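Encoded as C-alpha cells, the structure appears first; notes follow it.
The values are calculated or read from the model by the stated rules, or taken from the named source; none is laboratory data. All values reported here derive from a predicted model rather than from experimental measurement. No Cβ is skipped: glycine too gets one built from the backbone with ideal geometry, and neighbour counts run over all protein chains shown. Just so you know, the surface numbers come from the protein's heavy atoms only, side chains and all, with ligands and any DNA or RNA stripped out. Shrake-Rupley method; radii C 1.70, N 1.55, O 1.52, S 1.80 Å.
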Amino acid sequence: MLIHLLIGALATAGLVLLIEYARKNQLRVKWWHWLLTVAGILYTVFVLELIVGFLGEDAPQAALVMGTITGFVAVVWGVLLRRFVFTR
C-alpha cells in the first residue's frame, strides 16, 4: 500500500518540478506538449505499478521482462520529451 502512495507522490513531484523548471527557464511550452508530458508521466506510473503488481504476485521474472519492455518505451518517451520540449 505504501509503495503505491510513494509512486503517486513521485509522479506528482515530478510534474510540479517540471512546471517550475519551465517557469524558471522561461520556456514556452504549448498545451499539447503538456498533454504529452502528463501522458508520459501516467505511462511511467503504469510501468512502475506493473512491476510492483508482478512482484506482489511473487513473479519476479515477469516483473523483470515486462518492466524491461514497457520501461524502455517510458525511457525513450522521457528522452524525447527532454530533447524536443524542455530545451531552449
Residue within the range 50-57 that is outside any helix (DSSP H, G or I) and more than 16 Å from the chain's Cα centre (by Cα) present: yes
The one condition in (1) open to solvent by 80 Å² or more (accessible area, probe 1.4 Å); (2) modelled with pLDDT under 95; (3) among the aliphatic types (A, V, I, L, M) that L64 fails to fulfil: (2)
Residues of the range 24-40 classified as open to solvent by less than 40 Å² (accessible area, probe 1.4 Å), assigned to a helix (DSSP H, G or I) and within 12 Å of V85 (Cα to Cα), total: 2
Residue among Y21, Y43 that is in contact with a helix residue (DSSP H, G or I) (Cβ under 7 Å, 6 or more places away or on another chain), part of a helix (DSSP H, G or I) and open to solvent by 40 Å² or more (accessible area, probe 1.4 Å): Y43
